[in-house]
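The values are calculated or read from the model by the stated rules, or taken from the named source; none is laboratory data. No experiment lies behind these values; they were computed from the predicted model shown. Note that each Cβ is placed from the backbone with ideal geometry, even for glycine, and that neighbours are counted across all protein chains shown. With ligands, DNA and RNA removed, areas are computed over all heavy atoms of the protein, side chains included. Shrake-Rupley method; radii C 1.70, N 1.55, O 1.52, S 1.80 Å.
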Amino acid sequence: MSTSDHSAVPASVPAPASFAVTVADVELEPDDLDPAQIVSGDPVVTGRVLWESADGKQVRGIWQITPGVVTDVEANELFVVVSGRATVEVEGADTLELGPGSACVLREGDKTVWTVHETLRKAYHISY
């Protein structure tokens with residue numbers, strides 16, 4: 001896939017070493033959300049892994065959540081919000097206000113409460 005081809009990476013085809021996608025256009029698939037994580041609302045999570053290292057310790061992809069309030073225990077993650085808005089309360093740390101263009105780093109083990117105001121889509125990199 002060339003850098004000028006902005007189509008989604010098909011789920012069944014491994015991504016090449018170098019590629020580009022238009023984050024807003026990538027088709028996402030349903031992702032599990034443990035009902036115990038839902039504090040309020042009816043949030044729905046979708047995502048697409050774009051690349052994963054052979055050892056599974058690095059993952060890059062796109063993730064989306066609809067409005068609601070959920071809890072999570074975070075991985076070591078860097079992400080950039082492409083669309084939507086959320087407030088993320090990090091236990092024992094700052095409350096983060098996220099919107100389009102926000103770059104965020106979460107530490108492995110951070111306990112968070114996500115209040116999603118507008119459907120939020122992000123491109124992420126996780127290290128395990």
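General remarks:
- Of all residues in the stretch 90-124, those being buried (at least 16 other Cβ atoms within 10 Å of the Cβ) and either in contact (Cβ under 8 Å) with a residue 60 or more places away in the chain or among the acidic types (Asp, Glu) (or both) number 7.
- Odd one out for THR71 among (1) touching an Asp or Glu at 6+ places or on another chain (Cβ under 6 Å); (2) open to solvent by less than 60 Å² (accessible area, probe 1.4 Å): (1)
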